Amino acid sequence: MFDNDAAHLPISTGSALVIYGWTAQEIILFMWGAYVFMLIVAKLPEFTRSSVQIFTFLGKRWERLKEWKRGSKN
């Protein structure tokens, strides 16, 4: 991005409010977005486990259905 480290100074010192014209609404919106992102990241392992269980269950049901159809044809 920037080769000049001084460009990051306003962001780290909080004076970005004055320099970039950020309002409280934009700061709160950014903080809310960060909060939602953290909630999503915290729930990802649980979601992964649940989706694996669902796909395993559906795969077993699909196999049973195929076996049942084979048995009814013979």
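If you check ALA24, ALA42, which single one turns out to be modelled with pLDDT under 90 and not acidic (Asp, Glu)?
On inspection, the qualifying residue turns out to be ALA24.
Among the residues of the stretch 26-64, count how many are surrounded by 10 or more Cβ atoms within 10 Å (Cβ to Cβ) and among the acidic types (Asp, Glu).
Within the stretch 26-64, residues that are surrounded by 10 or more Cβ atoms within 10 Å (Cβ to Cβ) and among the acidic types (Asp, Glu) number 2.
The values are calculated or read from the model by the stated rules, or taken from the named source; none is laboratory data. Since the structure is predicted, the reported quantities are computational estimates derived from the model, not experimental observations. When we count neighbours, we look across all protein chains shown, and the Cβ atoms used for this are built from the backbone with ideal geometry, even at glycine.
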